[in-house]
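Here's the structure, in C-alpha coordinates; my notes come after.
The values are calculated or read from the model by the stated rules, or taken from the named source; none is laboratory data. Computed from a predicted structure; not experimentally measured. Virtual Cβ from ideal backbone geometry, glycine too; neighbours counted across all protein chains shown. Each accessible area value is taken on the protein alone, full model and side chains, heavy atoms only, with ligands, DNA and RNA left out. Shrake-Rupley method; radii C 1.70, N 1.55, O 1.52, S 1.80 Å.
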Amino acid sequence: MRIDVVSIFPEYLAPLELSLIGKARQDGLLDLKVHDLRSFTTDRHRTVDDTPYGGGAGMVMKPEPWAEALAAVGGDAAARPVLIVPSPAGERFTQAMAYELAEAPQLVFACGRYEGIDERVLEWAAGHFDVRPVSLGDYVLNGGEVAVLAMVEAVGRLLPGVVGNPESLVEESHSDGLLEYPVYTKPSSWRGRDIPEVLLSGNHAKIARFRRDEQLRRTADRRPDLIERLAPESLDKADRALLDELGYDVADGGPRRRAEA
Ligand code: 6GU
(Lines give C-alpha, C1' and ligand atoms only; values in the text may rest on other atoms or scores of the structure.)
Protein backbone atom coordinates (compact mmCIF):
# COMPACT_ATOMS: atom_id res chain seq x y z
CA MET A 1 0.00 0.00 0.00
CA ARG A 2 1.03 3.57 -0.66
CA ILE A 3 0.29 6.27 1.94
CA ASP A 4 1.02 9.99 1.52
CA VAL A 5 0.60 12.44 4.40
CA VAL A 6 0.53 16.20 3.76
CA SER A 7 1.11 18.44 6.80
CA ILE A 8 2.68 21.75 7.80
CA PHE A 9 4.38 19.80 10.63
CA PRO A 10 6.00 16.81 8.89
CA GLU A 11 8.11 16.18 12.04
CA TYR A 12 4.87 15.34 13.87
CA LEU A 13 4.72 12.12 11.85
CA ALA A 14 8.18 10.91 12.96
CA PRO A 15 6.71 8.11 15.14
CA LEU A 16 5.67 6.35 11.92
CA GLU A 17 9.35 5.36 11.62
CA LEU A 18 9.07 3.26 14.80
CA SER A 19 7.76 -0.14 15.85
CA LEU A 20 5.39 -2.15 13.66
CA ILE A 21 4.74 0.59 11.09
CA GLY A 22 8.43 1.52 10.83
CA LYS A 23 9.26 -2.15 10.29
CA ALA A 24 6.53 -2.50 7.63
CA ARG A 25 8.10 0.43 5.76
CA GLN A 26 11.57 -1.09 6.01
CA ASP A 27 10.22 -4.42 4.77
CA GLY A 28 8.62 -2.74 1.74
CA LEU A 29 5.06 -3.62 2.81
CA LEU A 30 4.13 0.04 3.18
CA ASP A 31 5.36 2.89 0.97
CA LEU A 32 4.72 5.90 3.23
CA LYS A 33 5.84 9.44 2.45
CA VAL A 34 5.30 12.63 4.43
CA HIS A 35 5.11 15.93 2.51
CA ASP A 36 5.47 19.50 3.78
CA LEU A 37 2.48 21.57 2.62
CA ARG A 38 4.67 24.70 2.65
CA SER A 39 6.82 23.28 -0.14
CA PHE A 40 3.76 23.72 -2.40
CA THR A 41 3.43 27.48 -1.69
CA THR A 42 4.80 30.06 -4.15
CA ASP A 43 5.02 33.24 -2.03
CA ARG A 44 8.08 34.44 -0.13
CA HIS A 45 6.37 33.87 3.27
CA ARG A 46 5.17 30.35 2.37
CA THR A 47 1.65 31.30 3.45
CA VAL A 48 -0.80 28.47 4.08
CA ASP A 49 -3.67 30.29 5.84
CA ASP A 50 -5.84 33.40 5.71
CA THR A 51 -8.83 34.96 7.49
CA PRO A 52 -12.29 33.37 7.04
CA TYR A 53 -14.83 34.94 4.67
CA GLY A 54 -17.91 35.88 6.68
CA GLY A 55 -15.81 36.59 9.75
CA GLY A 56 -15.29 34.52 12.87
CA ALA A 57 -12.39 33.32 14.95
CA GLY A 58 -9.22 31.69 13.67
CA MET A 59 -7.71 31.10 10.26
CA VAL A 60 -8.61 28.92 7.29
CA MET A 61 -6.15 26.98 5.13
CA LYS A 62 -5.81 28.48 1.64
CA PRO A 63 -6.88 26.38 -1.36
CA GLU A 64 -3.89 26.90 -3.72
CA PRO A 65 -1.14 25.05 -1.75
CA TRP A 66 -3.56 22.17 -1.02
CA ALA A 67 -4.50 21.77 -4.70
CA GLU A 68 -0.81 21.77 -5.71
CA ALA A 69 0.07 19.26 -2.99
CA LEU A 70 -2.81 16.90 -3.72
CA ALA A 71 -2.18 17.01 -7.48
CA ALA A 72 1.49 16.16 -6.83
CA VAL A 73 0.89 13.22 -4.46
CA GLY A 74 -2.43 11.99 -5.86
CA GLY A 75 -1.05 9.22 -8.05
CA ASP A 76 -3.42 7.54 -10.48
CA ALA A 77 -6.88 9.24 -10.45
CA ALA A 78 -8.30 6.25 -12.35
CA ALA A 79 -7.36 4.05 -9.37
CA ARG A 80 -9.49 6.34 -7.11
CA PRO A 81 -7.06 6.91 -4.25
CA VAL A 82 -8.81 7.70 -0.94
CA LEU A 83 -8.32 11.22 0.41
CA ILE A 84 -8.81 11.17 4.17
CA VAL A 85 -9.40 14.57 5.74
CA PRO A 86 -9.08 14.31 9.55
CA SER A 87 -11.66 16.58 11.15
CA PRO A 88 -13.87 16.59 14.24
CA ALA A 89 -16.66 17.26 11.67
CA GLY A 90 -16.00 13.94 9.89
CA GLU A 91 -17.60 10.51 9.87
CA ARG A 92 -16.49 8.35 12.81
CA PHE A 93 -13.38 6.22 12.30
CA THR A 94 -14.08 2.57 13.23
CA GLN A 95 -12.43 -0.83 12.95
CA ALA A 96 -14.77 -1.54 10.00
CA MET A 97 -13.44 1.58 8.26
CA ALA A 98 -9.86 0.50 9.01
CA TYR A 99 -10.53 -2.84 7.27
CA GLU A 100 -12.12 -1.03 4.31
CA LEU A 101 -9.21 1.43 3.97
CA ALA A 102 -6.69 -1.44 4.18
CA GLU A 103 -8.03 -2.62 0.78
CA ALA A 104 -7.26 0.68 -1.01
CA PRO A 105 -4.15 0.93 -3.23
CA GLN A 106 -3.37 4.46 -1.99
CA LEU A 107 -4.40 6.62 0.97
CA VAL A 108 -3.67 10.36 1.08
CA PHE A 109 -4.08 12.12 4.45
CA ALA A 110 -4.62 15.91 4.34
CA CYS A 111 -3.78 17.29 7.78
CA GLY A 112 -5.66 20.51 8.44
CA ARG A 113 -4.70 22.95 11.17
CA TYR A 114 -6.49 26.09 12.35
CA GLU A 115 -10.23 26.10 11.59
CA GLY A 116 -9.81 23.74 8.64
CA ILE A 117 -9.26 23.71 4.87
CA ASP A 118 -11.20 25.87 2.37
CA GLU A 119 -14.24 23.71 1.49
CA ARG A 120 -13.67 24.12 -2.26
CA VAL A 121 -10.53 21.99 -2.02
CA LEU A 122 -12.64 18.99 -0.97
CA GLU A 123 -15.15 19.65 -3.77
CA TRP A 124 -12.35 19.88 -6.37
CA ALA A 125 -10.59 16.83 -4.94
CA ALA A 126 -13.72 14.69 -5.41
CA GLY A 127 -12.83 14.60 -9.14
CA HIS A 128 -9.56 12.80 -8.34
CA PHE A 129 -10.13 11.00 -5.03
CA ASP A 130 -12.71 9.22 -2.94
CA VAL A 131 -12.91 12.03 -0.34
CA ARG A 132 -13.57 10.95 3.29
CA PRO A 133 -13.72 13.52 6.12
CA VAL A 134 -13.01 11.34 9.19
CA SER A 135 -13.14 11.96 12.97
CA LEU A 136 -11.60 9.85 15.74
CA GLY A 137 -14.31 10.83 18.22
CA ASP A 138 -16.27 13.65 19.74
CA TYR A 139 -13.46 15.88 20.97
CA VAL A 140 -11.23 18.48 19.31
CA LEU A 141 -7.54 18.14 18.42
CA ASN A 142 -5.44 21.08 17.22
CA GLY A 143 -4.75 19.43 13.90
CA GLY A 144 -5.02 16.20 11.96
CA GLU A 145 -1.50 14.89 12.65
CA VAL A 146 -2.22 12.96 15.86
CA ALA A 147 -5.35 11.49 14.26
CA VAL A 148 -3.25 10.37 11.27
CA LEU A 149 -0.84 8.56 13.60
CA ALA A 150 -3.80 6.64 15.00
CA MET A 151 -5.42 5.89 11.64
CA VAL A 152 -2.17 4.82 9.89
CA GLU A 153 -1.45 2.44 12.78
CA ALA A 154 -4.98 1.01 12.75
CA VAL A 155 -4.89 0.46 8.95
CA GLY A 156 -1.20 -0.48 8.64
CA ARG A 157 -1.43 -3.37 11.12
CA LEU A 158 -4.15 -4.95 8.93
CA LEU A 159 -1.93 -5.09 5.82
CA PRO A 160 -0.75 -8.59 4.89
CA GLY A 161 2.52 -9.46 6.66
CA VAL A 162 2.60 -6.48 9.05
CA VAL A 163 1.37 -8.29 12.17
CA GLY A 164 3.48 -11.43 12.70
CA ASN A 165 0.63 -13.66 13.90
CA PRO A 166 -2.60 -12.75 12.01
CA GLU A 167 -4.53 -14.84 14.61
CA SER A 168 -4.06 -11.94 17.01
CA LEU A 169 -6.28 -9.79 14.75
CA VAL A 170 -9.17 -12.22 15.11
CA GLU A 171 -9.69 -12.15 18.88
CA GLU A 172 -9.12 -8.44 19.56
CA SER A 173 -11.60 -5.78 20.64
CA HIS A 174 -14.18 -4.75 18.01
CA SER A 175 -13.43 -7.64 15.62
CA ASP A 176 -16.73 -9.29 16.67
CA GLY A 177 -18.53 -6.10 17.79
CA LEU A 178 -17.56 -6.70 21.44
CA LEU A 179 -14.74 -5.48 23.68
CA GLU A 180 -11.91 -7.94 24.34
CA TYR A 181 -11.96 -10.29 27.35
CA PRO A 182 -9.50 -9.65 30.21
CA VAL A 183 -6.10 -11.35 29.93
CA TYR A 184 -3.71 -12.74 32.57
CA THR A 185 -0.15 -14.08 32.65
CA LYS A 186 2.24 -15.53 35.26
CA PRO A 187 2.37 -15.56 38.23
CA SER A 188 -1.04 -17.22 38.76
CA SER A 189 -1.25 -15.63 42.21
CA TRP A 190 -0.09 -12.03 42.61
CA ARG A 191 -0.53 -9.75 45.65
CA GLY A 192 -3.33 -11.95 46.91
CA ARG A 193 -5.16 -12.02 43.58
CA ASP A 194 -5.64 -15.35 41.80
CA ILE A 195 -6.41 -15.62 38.13
CA PRO A 196 -9.85 -17.08 37.27
CA GLU A 197 -9.58 -20.83 37.97
CA VAL A 198 -11.20 -21.88 34.68
CA LEU A 199 -8.12 -20.62 32.80
CA LEU A 200 -6.06 -23.40 34.46
CA SER A 201 -8.66 -26.11 33.72
CA GLY A 202 -7.41 -27.06 30.25
CA ASN A 203 -11.09 -27.26 29.22
CA HIS A 204 -11.07 -25.22 25.99
CA ALA A 205 -14.85 -25.08 25.59
CA LYS A 206 -15.25 -23.83 29.15
CA ILE A 207 -12.49 -21.25 28.67
CA ALA A 208 -14.10 -20.01 25.44
CA ARG A 209 -17.46 -19.64 27.24
CA PHE A 210 -15.84 -17.81 30.17
CA ARG A 211 -14.12 -15.39 27.80
CA ARG A 212 -17.28 -14.78 25.79
CA ASP A 213 -19.20 -14.03 29.02
CA GLU A 214 -16.48 -11.60 30.12
CA GLN A 215 -16.66 -9.88 26.73
CA LEU A 216 -20.43 -9.47 27.07
CA ARG A 217 -20.24 -8.26 30.70
CA ARG A 218 -17.45 -5.79 29.98
CA THR A 219 -19.17 -4.45 26.85
CA ALA A 220 -22.52 -4.07 28.66
CA ASP A 221 -20.73 -2.15 31.43
CA ARG A 222 -18.47 0.11 29.35
CA ARG A 223 -20.14 0.30 25.92
CA PRO A 224 -23.86 -0.51 26.14
CA ASP A 225 -24.25 1.15 22.71
CA LEU A 226 -22.28 -1.76 21.22
CA ILE A 227 -24.57 -4.35 22.85
CA GLU A 228 -27.59 -2.76 21.16
CA ARG A 229 -25.81 -3.06 17.79
CA LEU A 230 -25.24 -6.84 18.01
CA ALA A 231 -26.95 -8.92 15.32
CA PRO A 232 -29.35 -11.42 16.96
CA GLU A 233 -27.96 -14.23 14.69
CA SER A 234 -24.57 -13.72 16.36
CA LEU A 235 -25.98 -14.61 19.82
CA ASP A 236 -26.20 -18.19 21.06
CA LYS A 237 -28.37 -19.50 23.91
CA ALA A 238 -25.76 -18.80 26.58
CA ASP A 239 -25.20 -15.25 25.22
CA ARG A 240 -28.96 -14.62 25.43
CA ALA A 241 -29.21 -15.95 28.98
CA LEU A 242 -26.37 -13.70 30.12
CA LEU A 243 -27.78 -10.65 28.31
CA ASP A 244 -31.13 -11.29 30.04
CA GLU A 245 -29.29 -11.33 33.39
CA LEU A 246 -27.55 -8.06 32.39
CA GLY A 247 -30.92 -6.39 31.73
CA TYR A 248 -31.38 -6.85 27.98
CA ASP A 249 -34.31 -8.30 26.03
CA VAL A 250 -33.15 -10.09 22.89
CA ALA A 251 -35.76 -9.86 20.13
CA ASP A 252 -35.55 -10.01 16.31
CA GLY A 253 -34.14 -6.48 16.19
CA GLY A 254 -31.26 -7.43 18.52
CA PRO A 255 -30.67 -6.73 22.23
CA ARG A 256 -32.56 -3.82 23.80
CA ARG A 257 -31.99 -2.54 27.32
CA ARG A 258 -35.04 -3.18 29.53
CA ALA A 259 -36.56 -0.15 31.21
CA GLU A 260 -35.46 0.07 34.89
CA ALA A 261 -38.12 -1.26 37.30
CL1 6GU B 1 -9.61 13.30 12.90
N2 6GU B 1 -9.06 15.78 13.66
C3 6GU B 1 -9.11 16.80 14.52
N4 6GU B 1 -8.51 17.94 14.21
N5 6GU B 1 -9.74 16.74 15.68
C6 6GU B 1 -10.33 15.58 15.97
C7 6GU B 1 -10.30 14.48 15.12
C8 6GU B 1 -9.65 14.61 13.95
N9 6GU B 1 -10.99 13.47 15.69
C10 6GU B 1 -11.41 13.95 16.85
N11 6GU B 1 -11.02 15.21 17.03
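Quick one: angle between helix 145-156 and the longest Cα principal axis of the chain, in degrees between 0 and 90, rounded to 10, please.
Taking Cα atoms only, the helix is inclined about 60 degrees.
Rounded to a whole number, what % of the accessible area of the stretch 164-212 do carbon and sulfur atoms account for, probe 1.4 Å?
Reported share for carbon and sulfur atoms: 54 percent.
Which residue, Gly202, Gly22, Gly74, tops the fluctuation ranking in a GNM of the chain built on C-alpha contacts under 10 Å?
Looking only at Gly202, Gly22, Gly74, the biggest GNM fluctuation is shown by Gly202.
Taking K and R as +1 and D and E as -1, what net charge do the other residues with C-beta under 12 Å from the C-beta of Gly58 add up to?
-2
When the solvent-accessible surface of protein heavy atoms is calculated with a 1.4 angstrom probe, in what order do Tyr53, Tyr181 fall, highest first?
The ranking, largest first, comes out as Tyr53, Tyr181.
Which shape class, rounded, prolate or oblate, goes with the chain when its Cα gyration tensor gives a ≥ b ≥ c as root eigenvalues, a/c under 1.5 marks rounded, and past that a/b bigger than b/c marks prolate?
Prolate.
Does the stretch 109-261 come out rounded, prolate or oblate, given a ≥ b ≥ c as the square roots of the eigenvalues of its C-alpha gyration tensor, rounded meaning a/c under 1.5 and, failing that, prolate meaning a/b above b/c?
In terms of gyration-tensor shape, prolate.
Over the chain, average the accessible area per residue using a 1.4 Å probe and give it in Å², no decimals.
58 Å²
Which of the lysines could be linked to Lys206 by a straight reach, that is with a Cα gap under 17 Å, when you skip same-chain ones fewer than 8 residues away?
Lys237
If packing is taken as the average count of other Cβ atoms within 10 Å, what order do 114-122, 185-193 fall into, highest mean first?
114-122, 185-193
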